[in-house]
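> I'd like to ask you about the structure that follows.
Any read-out appearing in this document is the output of simple, stated calculations on the displayed coordinates, not a laboratory observation. Everything quoted here is computed from the prediction, not taken from an experiment. Here the Cβ is made from the backbone with ideal geometry for all residues, glycine too, and neighbour counts use every protein chain on show.
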Amino acid sequence: MSSVETLIEERYGSRVQVSHAFGQTTADVPAGDWLGLLEAVRDAGYVYFDWLTGVDDPPDGFQVVAHLYDPVERARLLLRTRVSREDPRLPSAVGVFRGANWHERETFEMFGVIFEGHPNLVPLLLPDGFEGFPLRKDFVLASRVAKAWPGAKEPGESDHGSPSRRKTLPPGVPADWAREAARPGVVGPDLGPGDETPRREA
């Protein structure tokens, strides 16, 4: 057991779960211990903040994952916590690692996780007026229905290539969404090639 594992388990006891996979140590803690864990491992030598992101893990909520590195020991550490789907909030890590700033903004924009205390939690990548959180698993990739998808690999996934007897939906589009888009009272373009605007409610 490494010194940082000993430190984590002594400090958090049964509240932490430490696991190992592919030569990397992972520590899972409740959201209330998130900032304390980041501070503890930083002070233990994991001073390089590599990245932070979210993972949609339905139906329970979202995981927030941070990857840190100890440049002296050349050791990597993955830290994870979980926030609820109904109220995805977590204290901002910017006060511990300044490099978390843009990573938290991207996670907020893509998953809807709110980092409380962040100095400037505003959109980073998407155009003004964009609605929804595109990396959530329930986000419908409507443009793949409204416009031919160039990434198709199977016949019928787009209007490119060989014709198919049955039109299949592209990845990222739920099977019931096409039926919903076709019901009376929904207006929008035909879901044919070149159409870029998804259907919307009348």
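> Cα convex hull of segment 54-138: how many Å³ per residue?
103 Å³
> Which percent of Cα-Cα pairs in segment 31-101 sits in each 10 Å bin, short to long?
20, 52, 23, 5, 0
> Given the peptides 54-64, 16-26, arrange them by the average over their residues of other C-beta atoms within 10 Å, most packed first.
Sorting 54-64, 16-26 by mean packing, highest first, produces 54-64, 16-26.
> A follow-up question, please. Length gain on complete extension for the stretch Ala175 to Arg89, per 0.36 nm per residue less the alpha carbon to alpha carbon distance? Write out the running numbers ahead of the final one.
On the way: separation 86, 0.36 × 86 = 30.96 nm, distance 3.10 nm.
Extra length available between Ala175 and Arg89 comes to 27.9 nm.
> Let me ask another. ³J(HN,Hα) across segment 93-104 via Karplus (A = 6.51, B = -1.76, C = 1.60, θ = phi - 60°), whole Hz, x for Gly/Pro?
Listing the rounded values in order: 9, 4, x, 9, 10, 4, x, 6, 3, 5, 5, 5 Hz.
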